[in-house]
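The structure appears below as structure tokens.
What follows is calculated from the coordinates using simple rules that are stated; it is not laboratory data. Predicted model, so just to flag it, every value in this text is computed and none were measured. Cβ: placed from backbone, ideal geometry, glycine included. Neighbour counts: every protein chain shown.
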Amino acid sequence: MSEPSTGRAASGQDEVVDLTRDLIRIDTSNYGDHSGPGERAAAEYVAEKLAEVGLEPRIFESHPGRASVVARVEGEDRSRPGLLIHGHTDVVPANAADWTHDPFSGEVADGCVWGRGAVDMKDMDAMTLAVVRDRLRTGRKPPRDLVLAFLADEEAGGTWGARHLVDHHADLFEGVTEAIGEVGGFSFTVNEKLRLYLVETAQKGMHWMKLTVAGTAGHGSMIHRDNAITELSEAVGRLGRYEFPIRVTKTLRHFLDELGDALGTELDPENMDETLAKLGGMAKLIGASLKNTANPTQLGAGYKVNVIPGEATAHVDGRFLPGYEEEFLADLDRILGPRVRREDVHADKALETGFDGALVDAMQTALGAEDPIAKAVPYMLSAGTDAKSFDDLGIRCFGFAPLRLPADLDFAGMFHGVDERVPVDALQFGVRVLDRFIDAS
Ligand SMILES: [Zn+2]
């Protein structure tokens, strides 16, 4: 589907594809241990694109090669609070052998730009650059200050990117009260009269945990009643099979109300199977926002077949809904039992904000102007983003990287997936929407 250009953000629409391709061609694979190439080359590219239109971008290198870029765009009314637009420049690694087109070639084929980062999230980085460059070239100041942040290390928790800037350079974000970033603003076509755009207003929190059971070591041939592996396996089995209860957060309630309205039926959160079946690829996203989860992901014990080890360990990826952390931890302890020692390897908070206010209105206005059947709805992301760091500064964060997608594209499956790609006309749509959004913000 395509629409005639509205004449707004005209040159931004022209260059967004090249910007996306250029960024994809800069390999910024993040292995989580500094073994990747780092984000420095991408940061220099972004800084050059911003400097070309008169901005004064600053590069922050938190660790050799791990660089982020921040720039401030002066608004018409500098007394108003600023708006942050943030994106990360790192990507998860890709195995080229699995892909139809080389993941770092930025090839355009079948109407899409292909490559690692095409949707997560060099697309939004490029859209942001395209819109800001166009506005500055044509002398269209944003109504209020914009802070642009292109960040390292999101895919490994943001330690060397967003976290570093928030902890050591908070002054960059002075006066900023609201932000947009990943993962939201993409479309889900319900029918020919309605296209939902899922705006992220909430994120689950996480507890990545190590479980340990200490037992008695001994000879594998003997009668042995205190086996750490047996004890731990049973606990992990109980946890892995446990059905956490459905909890209706305000984000889920709002989402179900909007979707129910759209479908002309009331949706019962306790009976979600039917609803999820109607959501196609989006079911993956929404399904995980109904309840806490705890998935066992690693096991470790023993070193020889005839030796009973004194200890067994497991790792669990736990995610909790906003407002349900205490319940989650209590459930874990009850299910695991007293023999299992549980410790956090990494933990982060949940986020939830309301789907209301002028910024949300600006999203709906901008989407509606470019897509007459658009309706913005809130949803909760089961994972985390850099928004968690910015929330520490009191910034209200939304996932809004607008893309109008073909109804049959498995968009949720694109994130970290093989053959990640973004339609060219979705990028151009995103540029037009972001441009209008900035005007309305
Ligand atoms: Zn991402």
What is the calculated FRET efficiency for Val53 to His315, with r their C-beta to C-beta distance and R₀ = 35 Å, to the nearest 0.05?
0.15
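Let me make sure I get this right: for the range 12-55, a, b and c are the square roots of the gyration tensor eigenvalues over alpha carbons, sorted descending. Under 1.5 in a/c it's rounded, otherwise prolate if a/b > b/c, else oblate. Which is it? Intermediate results must be reported in sequence, preceding the final value.
Working: a/c = 4.06, a/b = 1.75, b/c = 2.32.
Cα axes put the range 12-55 in the oblate bin.
Quote the FRET efficiency, to the nearest 0.05, computed for Arg78 versus Asp257 with a Förster distance R0 of 56 Å and r equal to the Cβ-Cβ distance. Walk me through the numbers on the way to the answer.
Values: r = 38 Å, r/R0 = 0.69.
Using R0 = 56 Å, I get an efficiency of 0.90.
If we count every other residue with Cβ under 9 angstrom of Gly161's Cβ, Lys/Arg +1 and Asp/Glu -1, where does the sum land? The partial results should precede the final answer.
On the way: positive: Arg66, Arg163; negative: Glu39, Asp90, Asp153, Glu154, Asp386.
Surrounding charge for Gly161 is -3.
Of all the Cα-Cα pairs you can form in the chain, what percent are over 28 Å apart?
Tail of P(r) above 28 Å: 52 percent of Cα pairs.
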Within the range 37-166, percent of DSSP bridges classed antiparallel, to nearest 5:
65
From a point 7 Å beyond the Cα of Val305 in the direction of its Cβ, which residues of the range 215-234 have a backbone N at a distance under 16 Å?
220-222
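Using only the Cα atoms of the range 130-189, construct the convex hull and provide its projected area averaged over every direction, in square nanometres to one decimal. Kindly include the intermediate steps, with their values, before the conclusion.
Numbers: hull surface 25.0 nm².
Result: a mean projected hull area of 6.3 nm².
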Sorted from fewest to most neighbouring beta carbons within 10 Å, what does the list Phe400, Phe104, Phe415 look like?
Phe415, Phe104, Phe400
Summing -39500 (n - 2.57) over the DSSP H runs of n ≥ 4 in the chain and dividing by its residue number, what mean residue ellipticity at 222 nm do you reach, to the nearest 500 deg cm²/dmol?
-9500 deg cm²/dmol
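Report the FRET efficiency, 1/(1 + (r/R0)^6), for His169 and His63, where r is their Cβ-Cβ distance and R0 is 22 Å, rounded to 0.05. Intermediate results must be reported in sequence, preceding the final value.
Working: r = 15 Å, r/R0 = 0.66.
Computed FRET efficiency for His169 and His63: 0.90.
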The range 265-404 pair-distance distribution - Cα-Cα, 5 Å bins, rounded %:
2, 7, 12, 15, 16, 15, 11, 8, 5, 4, 2, 1, 1, 0, 0
Antiparallel %, DSSP beta bridges [both residues in the chain], to 5
70
Give a residue-ordered list of calculated ³J(HN,Hα) values for the range 229-245 (Karplus: 6.51 cos²θ - 1.76 cosθ + 1.60, θ = phi - 60°; whole Hz; x for Gly, Pro).
5, 4, 4, 5, 4, 5, 5, 5, x, 4, 5, x, 8, 5, 9, 5, x
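Sort 256-268, 296-308 by packing, meaning the average of other beta carbons within 10 Å per residue, with the highest value first.
Working: 256-268: 14.4, 296-308: 12.4.
Packing order, densest peptide first, comes out as 256-268, 296-308.
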Name all residues of the range 286-305 having a backbone nitrogen under 17 Å from the label point set 7 Å from the Cα of Arg238 along its Cα→Cβ direction, giving them as ranges.
294-296
